[in-house]
Amino acid sequence: MDEQLNYAPCGFLTLSEEGIILSINQTLLTILDYPFEQVSGKHINTILTVPAQLFYQLYFVPLVKLEKQVEEMYTSLEPRNGKAIPVLINAHQRTHNGILVTECVLIPMRKRNEYENELLIARNAAEEALLAKQKANADLEIALSTLKGKQEELLELNKMNQQFKVNTQRELELARKIQETSLTSPIVNDQIQIESHYKASSELSGDIYGFYQIDQHRYGIIILDVMGHGISSALITMSLHPLFQRLISQGVSAETVMKDLDNHLHSLFANHEEARHYCTAIYLLVDTAQQRIDYVNAGHPPALWQDTDGKQYPLHSTSIPIGMFEDASFQTNTFTYKRGGRLLLYTDGVMDPADPDYLSPILKDHRNIPITKLKDKVIQSLNRQKNVYHKSDDECFILVDLK
């Protein structure tokens, strides 16, 4: 679990399909006053009050299975001292590394309950005064004044919450712009033309790419997809970007690029195994003078090479994803080409759930149109997929014409 999430101002935990606690952040452990070893691998009932255990089984579990998410559900935790802590829980279910998990954010509601209880007491006091006629008008005014004061406090808290949301959204938008500025611009000359498309599913993306002219005849092209989405994945892509930019610009081998990126990820999580992320990637070193391409595919969807006759060759994976196992080896494959061929590299957000090979006929049917128009054809196809499958994923692809 990364440092920012581990000490976030709210509780966070991940559950298995059976309700076993797979991960839990330090904030929630502090609230519960439990050590990590006492709750990790235990059923969530370990930290729930008895009523909350029933509520979890009767309402939370069926709702997650039906809608894949839960929004603002009220429940209560039982810390070490046994005093129930009311919380609001938001959750969503997804598949992570082939395992169905439920990620939960828990927000303690102790202050809010205190204010609501005080408001309820003040209101009851006012009603009792009116019904029983046991209190004078002065007492009634005091009760009403107390009620008004608590309402004003709640309004101020709501105002602060709204401002926090606005500030957070502003910061995420700035981070998105910073991330997009790192992306490279198209390359067009008499040897090669490279175009790209990038669209994040949320404010920040786990996809990143780069292509660079190394010297007069050599070009380096890379595309990466960090596991997951959002802030944690985006932070990792931004840490990888300056490294692969430097390596590619130096003209090192394809195998060296992947090995150094792999070492970087292992060093990044050396002391935080629970926060470890892996990354799929494919790197191509194109030499237009020798008409040769060296490439390494580290667990990434296969790039597609199409020669001048329209015959296609997928560039399948040659090794495991980077950051997965230490001392991994990365195999370089090489092929030569005739001028006029075309390349397509993409992340899994561009793939069609019903037809993984749908990109192949798009390239073949439009092999004679300019690459910029081909790019528009692929984007149109992606938009149609969204309407059919209602999917939301990062979109990233690169098109290359070798003249």
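Since every read-out is calculated from the coordinates, none of them should be taken as a lab result. Computed from a prediction, not measured in an experiment: that's the story for all the values here. Methodologically, a virtual Cβ is constructed for each residue, glycine included, from the backbone with ideal geometry; neighbour enumeration extends over all protein chains shown.
Based on a Kirkwood Rh over C-alpha pairs, give the Stokes-Einstein translational diffusion coefficient of the chain at 25 °C and viscosity 0.890 mPa s in µm²/s.
Rounded, D is 99 µm²/s.
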Projected-area average for the stretch 263-403 over all orientations - Cα convex hull basis, square nanometres: 9.9
Given Lys65/Lys364; Lys159/Lys386; Lys133/Lys159; Lys111/Lys165, the pairs whose alpha carbons are separated by over 30 Å: Lys65/Lys364; Lys159/Lys386; Lys133/Lys159
So what's the back-of-envelope 222 nm ellipticity for the chain, counting only DSSP H runs of four-plus at -39500 (n - 2.57) apiece and dividing by all residues, rounded to 500? -12500 deg cm²/dmol
Under 25 °C and 0.890 mPa s, how fast does the stretch 233-345 diffuse according to Stokes-Einstein, given a Kirkwood radius computed over C-alpha pairs? Answer in µm²/s, whole number. 164
Listed peptides 56-64, 368-376 by packing density, highest first (mean Cβ within 10 Å): 56-64, 368-376
Of 151-162, 235-246, ordering from highest average Cβ density within 10 Å down gives 235-246, 151-162
Neighbour-limited loop hits for chymotrypsin sites (Phe, Trp or Tyr not before Pro), the stretch 183-238 (at most 10 other Cβ within 10 Å; DSSP other than H, G, I, E, B): none
For the chain, the dipole about the Cα centre with charges only on Cβ (Lys and Arg +1, Asp and Glu -1), to the nearest 20 debye, works out at 780
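Could you tell me which helices of the chain pass both thresholds, a Cα extent of 30 Å or more along their own axis and a mean Kyte-Doolittle hydropathy of at least -1.0, with helices taken as whole DSSP H runs? Present the calculation step by step, with values, prior to reporting the outcome.
On the way: long enough: 110-132 (32 Å, -0.78); 137-181 (66 Å, -0.84).
Counting only whole DSSP H runs, the qualifying helices are 110-132, 137-181.
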